[in-house]
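Notes to accompany the following structure.
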Amino acid sequence: MTNDFPAAVIFDLDGTLVDSAFDLTGALNFVLRSENRPPVPLAAVRHMVGRGARVLIENGMAATGAAATEDDIARLLPLFLDYYSDHVADESILFPGARAVLLELAEANVRLGICTNKPISLTHQLLRALQIDDLFPAVLGGDSLPFRKPDPRHILETLRLLDIPATKAVMVGDSIHDIEAAKKAPMLVIGVTFGYSETPVADLLPDAVIDAYADLPAALRLLTKDRVF
Ligand SMILES: O=C(O)COP(=O)(O)O
Ligand SMILES: [Mg+2]
C-alpha cells in the first residue's frame, strides 16, 4: 500500500505519548520520604524524567541533600520500582489526541514502535493500562539492551524489530536524549513541545516541532514528502 507517511514511527514514552509525571513524582517522593528527605515538586520532577529510574532517583536525592551513593541506589531502586509498579497508571494518561493519531497511523499500515528509557516491565504495564499495547509490534525499554538513549543503537534496534531501516522512519520525542539519539542514528526526528524538556525542544534542533498530536500527521507528511519511502 502506498501512503505519504514514513514506513515506521518510533515513539518515546514518558513526556511524549504519556503524561506520567504525576505518578513518577509520587513514586520518587515515596522513596525520598523513606530516606527522611523532603518531597520534590512535580514541576521539578518533569525535568528529571528521560534517563530512566536510576537517574530519576539520583536527581531526586541530589535535589534534597547529599548525592546518592551506590549503596543508596541499590536500596532505593527496588523500592521505587515496586511502588511505581503499583501506581504506574493511577493518574498517567495519553497526551490529548495521541490515541486518535496512533490509530490513524496503524490504519495506514505505518509500523509503530516504542523506544523508552523506562524499565521494560513497567513500560508493558503502562501500555496495557492505557490499552495501546496492541498497537506496537516493537517495544524496547531502558533495560532491554546493554545501551539506551541517547545511544542511537537503542532506536536502531527498535527499528530492526520492525524490519524498517532508519531512512524510512521518524522518531518522535520530548527530550534531548531522543533528539541526540535520532540525529546520531541518523534519522528524522520530531520534537513535542508538551513534554518534560527543560530546554525548549525547538532549541534542540529536531527536524520538526509539534505543539499537539493533531499536528503530527501533517508534520510526518511534510518531513517525508521529499524522501522516497
Ligand atoms: O526516564 C524514564 O523513566 C523514561 O523516559 P522516556 O520514556 O522519556 O525515555
Ligand atoms: Mg521522554
By how many nm would the segment from ARG227 to ASP90 lengthen if fully extended, with 0.36 nm per residue of separation less the alpha-carbon distance?
-> 45.2 nm
Relative contact order computed over the chain (Cα-Cα under 8 Å; 6+ residues apart), in percent | 26 percent
Residue-span extension gain [GLN131 to ALA202] - 0.36 nm each, minus C-alpha spacing | 22.5 nm
Debye intensity ratio in log₁₀ form over the Cα atoms of the chain, taken at each q of 0.07, 0.16, 0.18 Å⁻¹ = -0.21, -1.06, -1.31
Across the chain, how many lysine pairs separated by 8 or more positions, or lying on different chains, have Cα atoms within less than 12 Å?
-> 4
If you stretched the chain out fully between GLU104 and ILE120, how much longer would it get, using 0.36 nm times the residue separation minus the C-alpha to C-alpha distance?
-> 3.2 nm
Directionally averaged shadow of the range 138-229, computed from the convex hull of its alpha-carbon atoms, nm² = 5.9 nm²
Residue-averaged [θ]222 nm for the chain, counting only DSSP H segments that reach four residues, each worth -39500 (n - 2.57) | -13000 deg cm²/dmol
Order of GLU198, GLU58 under a 10 Å beta carbon neighbour criterion, fewest first | GLU198, GLU58
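Computed from the coordinates by the stated procedures, all read-outs in this text should not be read as laboratory data. Here the structure is a predicted model, which means the values were calculated and not measured. With ideal geometry, Cβ positions are generated from the backbone for all residues, glycine too; neighbour counts draw on all protein chains shown.
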